[in-house]
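Just below is one structure, and these are the notes that go with it.
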Amino acid sequence: MAAAARRLRLAGFLLLASRAPNPKPLSSSAFSSSCSSAAPATARVCEDGLLSRRLLRLHVRPPRGAAAAAVERWAQERGHVSQPELRRAIAQLRSARRYEHALEVFSWMDSCNSLKLSSWDHVARLGLIAKAHGSSQAEEYYKKLSAAAKRAASFPLLHCYVIERNVQKAESFMAELQSCGLPVDPHSFNEMMKLYVATCQYEKVLSVIDLMKRNNVPRNVLSYSLWMNACAQVSGVASVQSVFKEMVNDDVVEIGWSTYCTLANIFRMHGLTTKAQACLRKAETKLSPTKRLGYSFVMTCYAGLNDSDGVMRLWEASKSVPGRIPSANYMTAMVCSIKVGNISRAEWIFGSWEAQCRKHDVRVSNVLLGAYVRNGWIEKAERLHLHMLEKGALPNYKTWEILVEGYVQSKQMDKAVDAMKKCFTFLKSCHWRPPLELVEAIARHFEEQGSADDAYKYTKVLQRFNLTSLPLYKSLLRAYINADIVPPNILEMVAKDQIIMDEEMDRLIILASKIGITCNR
């Protein structure tokens, strides 16, 4: 029944979409471009900086309403605040992933009778709601929009379904768009194909392409890329080459480095190394001498082929592009060098970055730190860590996670415990969580040492962040048994965390009962 229902939803989407007129493509980045075009040529700047700077100075998790209050103060100080200025601030907050703050700015705009939200404002707001609160709240906002605003905001809602990999809602929404007479453009079709690729429903990608052809919907570079990837999974390399030939004959599409990278990855997956390298050579000829975009992608593809010469050739070529080299590019070059087994080259690239960096960003050193730990070079990792601290770098959660891994591997468990404590300081401020194997390695250490009190305190911390597990509780029980100490009522903790017990756990409870444990099960 479920399979039949899915087929029915897809059939409905395809049938309704086939009735659509030939639409004009709609850019998914329209809001950002409209913001920049709406900005006055001579923006007034306050003495203490732009509004966006003031908002970005707010604490990451300030009291609710702090961003709106900051905008209100700004408006009072200046006597007015322009809509382009607010849009620029929202765009900056969105780039910094301060979604709640950006939504508060929109709420403040709503409260001003003199400001009216445009369709593109609604696009941005719906996208922020989706990122901050998920598709359910985004749907509620979408329902309240006017027909004109819905036309613009349909894409970010569809994109939200794709991010959540909700095939049912995405297909139903596409059908709804058509039933309302709204055109479905190439970008929407691409979103559906991305969803089908992500959920391994490659046959449906081919169905979408057929539908685009029947309705003369133009395909763009991404359309062809998704199509080729689907063909690689369904029917092999020959069909991929056939699609590429069709792309070459498509006058609307300009073939660039990204298409050749797609082909190279497909050939690599099928063991056709020579063809993959030829595609990457062609991709190199398509790179811009004035823009960095593309160099890192082609470099990464060469690393996938274990082609050290290709990696270094692309790195050297990228250095000739005018302008300052971003830290992200240094990181990519280091990652690729490490992947092809050339850690010394990665160290040299790190030294080049350090010689020109304005601030020691720990994310760059983390690349090298991870390579040292994976190779068992914990002493080198410690030296690098201390060096970055001396340079004023601030370790992040990844830094401490890497060090915990290194200390566990080298059996330096006291240092591992200290590093894990540093990890815990980040749990409240981000979505990162330590890997389960490292969490349990610390628990086993307490168990082996018979450190029942430390094991209990450790478990209570993990419990606050929903990081407990059955192996963890087993280690906790064994720590008490090894110490010959009566444990607290662990069964209550297990029940609270909804941990399903097994036979081994039952045996441990019986064993612990011999030292006085009372279990009311």
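Only one of these is open to solvent by 60 Å² or more (accessible area, probe 1.4 Å) and either touching a helix residue (DSSP H, G or I) at 6+ places or on another chain (Cβ under 7 Å) or touching a residue at least 12 places away in the same chain (Cβ under 8 Å) (or both): Tyr407, Tyr397, Tyr458. Name it.
Result: Tyr397 is the single residue among Tyr407, Tyr397, Tyr458 that is open to solvent by 60 Å² or more (accessible area, probe 1.4 Å) and either touching a helix residue (DSSP H, G or I) at 6+ places or on another chain (Cβ under 7 Å) or touching a residue at least 12 places away in the same chain (Cβ under 8 Å) (or both).
Take Gly79 and tell me if it is among the small types (Gly, Ala, Ser), surrounded by fewer than 20 Cβ atoms within 10 Å (Cβ to Cβ) and farther than 20 Å from Tyr141 by Cα.
On the way: among the small types (Gly, Ala, Ser): yes; surrounded by fewer than 20 Cβ atoms within 10 Å (Cβ to Cβ): yes; farther than 20 Å from Tyr141 by Cα: yes.
Judged against the criteria, Gly79 is a match.
With modelled with pLDDT of 95 or more and either open to solvent by 50 Å² or more (accessible area, probe 1.4 Å) or not aromatic (Phe, Trp, Tyr) (or both) as the only criterion, which of Lys391, Lys359 stands out?
Lys391
What number of residues in the stretch 443-486 are assigned to a helix (DSSP H, G or I) and among the β-branched types (Val, Ile, Thr)?
3
Give me the helices (runs of 4 or more DSSP H) completely within the stretch 254-319, filtered to those with at least 1 residues that are under 21 Å from Trp227 (Cβ atoms), ordered by residue number.
Fully inside the stretch 254-319 and qualifying: 257-269, 273-285, 295-304.
Only one of (1) surrounded by fewer than 14 Cβ atoms within 10 Å (Cβ to Cβ); (2) of a type in the set (D, E, K, R); (3) farther than 25 Å from Gly406 by Cα; (4) touching a residue at least 24 places away in the same chain (Cβ under 8 Å) is not met by Glu448, so which one is it?
All conditions pass for Glu448, except number (3).
From the list Ser82, Ser111, Ser135, Ser146, which residue is within 29 Å of the chain's Cα centre (by Cα) and either hydroxyl-bearing (Ser, Thr, Tyr) or closer than 16 Å to Arg53 by Cβ (or both)?
Numbers: Ser82 fails: within 29 Å of the chain's Cα centre (by Cα); Ser111 fails: within 29 Å of the chain's Cα centre (by Cα); Ser146 fails: within 29 Å of the chain's Cα centre (by Cα).
That would be Ser135, the only listed residue that is within 29 Å of the chain's Cα centre (by Cα) and either hydroxyl-bearing (Ser, Thr, Tyr) or closer than 16 Å to Arg53 by Cβ (or both).
Of the conditions (1) under 20 Å from Tyr161 (Cα atoms); (2) in contact with a Ser or Thr (Cβ under 7 Å, 6 or more places away or on another chain), Cys200 clears all except one; give me its number.
Result: Cys200 passes all but (2).
Looking at (1) under 30 Å from His360 (Cβ atoms); (2) in a loop (DSSP other than H, G, I, E, B); (3) at pLDDT 95 or above, can you tell me which one Arg324 breaks?
(3)
Just checking, does the stretch 140-149 include any residue being open to solvent by 30 Å² or more (accessible area, probe 1.4 Å) and under 19 Å from Met192 (Cα atoms)?
no
Just checking, how many residues over the stretch 92-102 are surrounded by fewer than 21 Cβ atoms within 10 Å (Cβ to Cβ) and part of a helix (DSSP H, G or I)?
Total satisfying the criteria: 5.
Out of all the residues in the stretch 414-422, is one or more more than 27 Å from Val486 (Cα to Cα), of a type outside the set (Val, Ile, Thr) and open to solvent by 30 Å² or more (accessible area, probe 1.4 Å)?
Yes, that holds for at least one residue.
Search the stretch 487-521 for residues being in a loop (DSSP other than H, G, I, E, B), modelled with pLDDT of 80 or more and of a type in the set (A, V, I, L, M), and hand back the single one that is surrounded by the fewest Cβ atoms within 10 Å (Cβ to Cβ). Walk me through how you get there before you give the answer.
Going through the stretch 487-521, the residues in a loop (DSSP other than H, G, I, E, B) turn out to be 487-489, 497-502, 514-521.
Now drop any that are not modelled with pLDDT of 80 or more, which leaves 487-489, 497-502.
Filter again for of a type in the set (A, V, I, L, M), leaving 499-501.
Working: Ile499: 17, Ile500: 7, Met501: 16.
Among residues in the stretch 487-521 that are in a loop (DSSP other than H, G, I, E, B), modelled with pLDDT of 80 or more and of a type in the set (A, V, I, L, M), the one surrounded by the fewest Cβ atoms within 10 Å (Cβ to Cβ) is Ile500.
So which helices (runs of 4 or more DSSP H) stay within the stretch 107-221 end to end and still have 2 or more residues that are hydrophobic (A, V, I, L, M, F, W, C)?
Because the criterion is at least 2 residues that are hydrophobic (A, V, I, L, M, F, W, C), the helices (runs of 4 or more DSSP H) in the stretch 107-221 that meet it are 119-133, 147-163, 167-179, 186-198, 202-214.
Looking at Arg383 and the list (1) surrounded by fewer than 18 Cβ atoms within 10 Å (Cβ to Cβ); (2) of a type outside the set (A, V, I, L, M); (3) not in a helix (DSSP H, G or I), which single condition is not satisfied?
That leaves (3) as the condition not met.
The values are calculated or read from the model by the stated rules, or taken from the named source; none is laboratory data. Predicted, not measured: the structure shown is a model, and the values here were computed from it. Cβ coordinates were reconstructed from backbone atoms using ideal geometry, including for glycine residues, and neighbour counts include every protein chain displayed. The protein model used for the area step is the full one, side chains on, heavy atoms only, and it has no ligands, DNA or RNA in it. Shrake-Rupley method; radii C 1.70, N 1.55, O 1.52, S 1.80 Å.
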